[in-house]
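A quick write-up on the structure given underneath.
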Amino acid sequence: MGSGSSPCASCKLLRRRCAKDCIFAPYFPSDDPHKFAIVHKVFGASNVSKMLQELPIHQRGDAVSSLVYEANARVRDPVYGCVGAISFLQNQVSQLQMQLAVAQAEILCIQMQQEPVALPTQIDQHQHQHHHQDHDQKSLLLSNSDINSIPHQYFSSFASPSNVIQDPLKRESLWT
């Protein structure tokens, strides 16, 4: 038998004798019958057996974990399975990246508003006049692009609830 004296979950479900070299035994223990049941329901025992036999032993555990995840996702969402979950997470990442960009822009605006204008201290008259011209140009530039003239709605509209995708799967974009 696969492990100990009781048959593994797959052999128990399939009502067969669990051989010493059972390919399922290391991955589907008898104390977790649901794990194999859902994988069998979605993929079929013979397909899972073939998949596992084609893989090196050191990768089989990860493959089983992946199959269990995919089977659970397929049962929850028969149409999109784990692709639906991936799409949902990609949409979340996009929304969070957008919110981060908006927050970074708002921080930059605040920093620009709070940045003190550097005034000359003890420099000769020529340098003072040259700096004064530079300062006037900077002031002109800042006044022409006054951050306060940008409507606050411009920033807050990016993260408004109306722009949040209501259908998190955005199903029509999955296959295009």
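Tell me which residues, restricted to the range 47-102, are touching a Phe, Trp or Tyr at 6+ places or on another chain (Cβ under 9 Å), more than 30 Å from Pro29 (Cβ to Cβ) and free of Cβ contacts under 8 Å to residues at least 60 places away in the same chain.
Passing the criteria: Ala101, Val102.
Within the range 17-64, how many residues are not in a helix (DSSP H, G or I) and not β-branched (Val, Ile, Thr)? Before you say what the answer is, go through the steps one by one.
Going through the range 17-64, the residues not in a helix (DSSP H, G or I) turn out to be 17-32, 44, 55-56.
Those still in the list that are not β-branched (Val, Ile, Thr) too: 17-22, 24-32, 44, 55-56.
Number of matching residues: 18.
Suppose the filter is under 25 Å from the mean Cα position of the chain (by Cα), farther than 17 Å from Ser6 by Cβ, open to solvent by 80 Å² or more (accessible area, probe 1.4 Å) and among the acidic types (Asp, Glu); does Asp62 pass it?
Working: under 25 Å from the mean Cα position of the chain (by Cα): yes; farther than 17 Å from Ser6 by Cβ: yes; open to solvent by 80 Å² or more (accessible area, probe 1.4 Å): yes; among the acidic types (Asp, Glu): yes.
So Asp62 passes the test.
Within the range 65-108, work out how many residues are open to solvent by 90 Å² or more (accessible area, probe 1.4 Å), more than 17 Å from Val39 (Cα to Cα) and hydroxyl-bearing (Ser, Thr, Tyr).
The total comes to 0.
The values are calculated or read from the model by the stated rules, or taken from the named source; none is laboratory data. Keep in mind that what you see is a predicted model, and the values were worked out from it rather than measured. All Cβ positions, glycine included, derive from the backbone under ideal geometry; neighbour counts span all protein chains shown. To get the accessible areas, we keep the full protein, side chains included, count just its heavy atoms, and leave off ligands, DNA and RNA. Shrake-Rupley method; radii C 1.70, N 1.55, O 1.52, S 1.80 Å.
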